[in-house]
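Q: One structure is given below, represented as structure tokens, and several questions about it will come after.
The values are calculated or read from the model by the stated rules, or taken from the named source; none is laboratory data. Remember, predicted model here, so these are calculated numbers, not experimental data. As a convention, Cβ positions derive from the backbone with ideal geometry for all residues, glycine included, and neighbour counts pool all protein chains shown.
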Amino acid sequence: MVKNISNLGDTAVYCDFGSEVNETINSSVIDYFHHISKLIKDKKIEGITNLTPSYNKLIISFDLTITDYKKIKNFIEGLTINRDIKSNNQKIKIPVCCDDEYGLDFLRLTKKLNIDKNKILEIYFNKEYFCYMTGFIAGMPFLGDLNESIRCDRLETPRLKMPKGSVGITEQFANIYTFESPGGWNIIGNTPKKIFDDKNLNQPALVNPGDKVNFYQITKEEYLNWNE
Amino acid sequence: MNKAYFEILRAGVNTTIQDKGRNHLYHVGIAVSGAIDQRNYKLSNRLVENQLNEPTVEFAYQGPLLKLKNGKISFAISGDIFFKIIRKNLKVEGGECYKSYILDEGDQIDIISTKNSTYGYLAVNGGFDLEKTWGSYSINTKANIGPNDGKKYSINDKIFIKKMDFRSIKNKKINYDYSTDNIIRIIRGTNFDFFSKDAIDKFFNEDFLITNLVDRMGIRLKGPKLENIASTNIKSEGIVRGVIQVPADGNPIIMLSDHGTVGGYPKIGVVIAADLDLVGQLTPGTKINFKEVSLEEAQNIFKAYTKDTNKYLNECN
């Protein structure tokens, strides 16, 4: 349930579902997202331009020439969310090469976590992750939860250019940089797999909220010869 | 039948196609894109009698050198731009912004540079012959979506023009007042109370410098370090154009049209919608100040902004 609604500037509504990150709260965010998406499609509400679900927030952007904060807030408060929407959640396997030229932040991680690289990788690969959301850049999945022993803060100053395919960790989460972009996560490797496909107009992102992901390690040779 | 097109003889710094932007894709991580300066984008279209949502060529700093092939067109440029028209007979004419011109086969437009601004817009009567991706013509270079395989233009690329029958548009002009303002109005962000009283004082009272790290994603500022007393990381959540994030180093970043759709740095403020065109045009080395307004004030300022835009658009009728 939405705990609090406020404004994010003059063109967005900020729906706060709580401060914790867990599958229950996240599922509630996703329910709202699907429900409002359908109302937009059915033209039951006008002026909404974007919905951004995340771990425990839903941001609703709108066109200020058509509607305003008060109208959208009233609309959200009047909703009864239907929880029947079935999703087709998938299990996805993603290869990662963790050689030093791809794992950019092992020096930082081993220092901060006080664990050696092999142990970090062993812990990292030995887990199935849940996709809470996609975003930041096209198709980037936000996955959780990392084992507590390998949780580390974001970089103090974000990198200006994170290589495409970089696989990162921060706090309890793992992600994949689907495009070259600025970014602040600790990079442990790189995947050759296509995680975002703009030719697939209906579902461009390989990983979607609710999906389960397993990573597996590949050698540099396998990485360089990767073919899809 | 051969279509008219521009041949790119010099690409310029960041030349792309932009329009109103691409909606309903934040949830997959695709930003809105679209013209950084929406008012000037619309004005360029109006000057050549287009629908206001036709795609235009957006350029930054140094613009492109374009040669017209296979046709005759009317075009206009909006912004604060220094450009020339090089006629086929090599006669050079100085170009004026907010004014429509006729270009013959073999003529060139040399967009030399922006002046006290970053972006400018080139529109041609009838628009460009391009396809929409997810409802928009905008090139998103971060996700490689849109015309030209989602990449900025390079030398020898071609930009095709839709219209075949030439229509002369003469004497279209807008008397546009290209004044800039260094006071940026903001609404408190959702993490405003993460910052110390001292940081808030500095935020509203001291100067912030636009650094060289400026692009369509955002603007990195340099100023007094804004001390965070709660947490320098938040759980990643949605952001919108105009959000001002403050990473752990204490230097704010203003998000623009190609911004990441979610972010994990605290939001001290959000630039009001009416000031987004202005913010996007800020150039490195400029000093700015932030001023707080209420949501209600922001909405009224936006009404005035819309009225102003319409005034300019109507002037051109």
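Q: Quick check on my filter: what residues within segment B:175-190 are in a strand (DSSP E or B) and of a type in the set (D, E, K, R)? Show your work before the answer.
A: The initial filter retains those residues of segment B:175-190 that are in a strand (DSSP E or B), namely B:183-188.
Selection gives B:Arg185, B:Arg188.
Q: Shifting gears a bit: Could you grab me the full set of residues in segment B:1-45 that are in contact with a helix residue (DSSP H, G or I) (Cβ under 7 Å, 6 or more places away or on another chain), in a loop (DSSP other than H, G, I, E, B) and of a type in the set (A, V, I, L, M, F, W, C)?
A: B:Ala35, B:Ile36
Q: Exactly one of (1) away from chain B (no Cβ under 11 Å); (2) buried (at least 24 other Cβ atoms within 10 Å of the Cβ); (3) under 13 Å from the mean Cα position of the chain (by Cα) is unmet by A:Asp145. Its number?
A: Of (1) away from chain B (no Cβ under 11 Å); (2) buried (at least 24 other Cβ atoms within 10 Å of the Cβ); (3) under 13 Å from the mean Cα position of the chain (by Cα), only one is false for A:Asp145: (2).
Q: Here's a follow-up. If only one of B:Asn148, B:Asn233, B:Asn191, B:Asn182 is surrounded by fewer than 15 Cβ atoms within 10 Å (Cβ to Cβ), of a type outside the set (Ser, Thr, Tyr) and either at negative phi or out of contact with any Phe, Trp or Tyr (no Cβ under 8 Å at 6 or more places or on another chain) (or both), which one is it? Break it down into steps so the answer makes sense when it comes.
A: Working: B:Asn148 fails: surrounded by fewer than 15 Cβ atoms within 10 Å (Cβ to Cβ); B:Asn233 fails: surrounded by fewer than 15 Cβ atoms within 10 Å (Cβ to Cβ); B:Asn191 fails: surrounded by fewer than 15 Cβ atoms within 10 Å (Cβ to Cβ).
It is B:Asn182.
Quick grid of which residues meet (1) of a type in the set (Val, Ile, Thr); (2) assigned by TED's automatic domain parsing to the domain that holds A:Pro163; (3) at pLDDT 95 or above:
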{"position": "A:Ile85", "(1), (2), (3)": "yes, no, no"}
{"position": "A:Val96", "(1), (2), (3)": "yes, yes, yes"}
{"position": "A:Asp99", "(1), (2), (3)": "no, yes, yes"}
{"position": "A:Leu104", "(1), (2), (3)": "no, yes, yes"}
{"position": "A:Leu121", "(1), (2), (3)": "no, yes, yes"}
{"position": "A:Asn126", "(1), (2), (3)": "no, yes, yes"}
{"position": "A:Phe136", "(1), (2), (3)": "no, yes, no"}
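Q: Which residue is surrounded by the fewest Cβ atoms within 10 Å (Cβ to Cβ), if the candidates are limited to segment B:29-84 and must be over 13 Å from the mean Cα position of the chain (by Cα) and within 14 Å of chain A (Cβ to nearest Cβ)?
A: Here the answer is B:Asn53.
Q: Another question, if that's okay. With (1) in contact (Cβ under 8 Å) with a residue 24 or more places away in the chain; (2) within 23 Å of B:His259 (Cβ to Cβ) as the list, and A:Asn50 as the residue in question, which single condition is left unmet?
A: So the condition that A:Asn50 fails would be (1).
Q: Scan B:Leu122, B:Leu130 and give me the residue that is within 30 Å of B:Tyr26 (Cα to Cα) and in a strand (DSSP E or B).
A: Details: B:Leu130 fails: in a strand (DSSP E or B).
Only one candidate passes the filter, namely B:Leu122.
Q: Please verify whether B:Lys170 is in a strand (DSSP E or B), more than 14 Å from chain A (Cβ to nearest Cβ) and among the basic types (Lys, Arg), treating the condition exactly as stated. Before the answer, list the steps.
A: Numbers: in a strand (DSSP E or B): no; more than 14 Å from chain A (Cβ to nearest Cβ): yes; among the basic types (Lys, Arg): yes.
Considered against the rule, which asks whether it is in a strand (DSSP E or B), more than 14 Å from chain A (Cβ to nearest Cβ) and among the basic types (Lys, Arg), B:Lys170 comes out as no.
Q: Within the set of pairs 6+ apart or on separate chains, which have a first residue in segment A:158-173 that is within 11 Å of A:Leu143 (Cα to Cα), a second that is aromatic (Phe, Trp, Tyr) and assigned to a strand (DSSP E or B), and C-beta atoms under 7 Å apart?
A: A:Phe173/A:Phe142
Q: Tell me, yes or no, whether segment A:153-161 has at least one residue that is in the same structural domain as A:Ile218 (by TED's automatic domain parsing), among the aliphatic types (A, V, I, L, M) and exposed (fewer than 14 other Cβ atoms within 10 Å of the Cβ). Can you show your working first?
A: Taking segment A:153-161 and keeping what is in the same structural domain as A:Ile218 (by TED's automatic domain parsing), we get A:153-161.
When the remaining residues are screened for being among the aliphatic types (A, V, I, L, M), the result is A:155, A:160.
Applying the additional criterion that residues be exposed (fewer than 14 other Cβ atoms within 10 Å of the Cβ) yields A:160.
Yes, segment A:153-161 contains a residue that is in the same structural domain as A:Ile218 (by TED's automatic domain parsing), among the aliphatic types (A, V, I, L, M) and exposed (fewer than 14 other Cβ atoms within 10 Å of the Cβ).
Q: Then there's this: Residue check, A:Ile115 against (1) among the β-branched types (Val, Ile, Thr); (2) in a helix (DSSP H, G or I); (3) more than 13 Å from every other protein chain (Cβ to nearest Cβ); (4) over 24 Å from A:Ala205 (Cα atoms), all met but one. Which one?
A: All conditions pass for A:Ile115, except number (2).
Q: Starting from residues that are among the aliphatic types (A, V, I, L, M) and under 25 Å from B:Leu213 (Cα atoms), keep the ones in segment A:170-193 and report whichever is farthest from the other protein chains (Cβ to nearest Cβ).
A: A:Ile187
Q: Those residues that are more than 23 Å from B:Asp249 (Cβ to Cβ) and among the hydrophobic types (A, V, I, L, M, F, W, C), I need them from segment B:175-213; list them, please.
A: B:Ile183, B:Ile187 - these are the residues of segment B:175-213 that are more than 23 Å from B:Asp249 (Cβ to Cβ) and among the hydrophobic types (A, V, I, L, M, F, W, C).
Q: Here's something else I'd like to know. Could you please find all residues in segment A:69-85 being within 11 Å of chain B (Cβ to nearest Cβ) and free of Cβ contacts under 8 Å to residues at least 12 places away in the same chain?
A: Answer for segment A:69-85, where residues must be within 11 Å of chain B (Cβ to nearest Cβ) and free of Cβ contacts under 8 Å to residues at least 12 places away in the same chain: just A:Lys70.
Q: So which residues in segment B:231-260 are of a type in the set (Gly, Ala, Ser) and within 12 Å of chain A (Cβ to nearest Cβ)? Steps first, answer last, please.
A: Step one: filter segment B:231-260 for residues of a type in the set (Gly, Ala, Ser), giving B:231, B:236, B:238, B:242, B:248, B:250, B:257, B:260.
Listed by number, the residues that qualify are B:Ser231, B:Ser236, B:Gly238, B:Gly242, B:Ala248, B:Gly250, B:Gly260.
Q: Which condition from (1) out of contact with any Asp or Glu (no Cβ under 8 Å at 6 or more places or on another chain); (2) among the polar types (S, T, N, Q); (3) not in a helix (DSSP H, G or I) is the one that A:Ser149 breaks?
A: A:Ser149 satisfies all of (1) out of contact with any Asp or Glu (no Cβ under 8 Å at 6 or more places or on another chain); (2) among the polar types (S, T, N, Q); (3) not in a helix (DSSP H, G or I) except (3).
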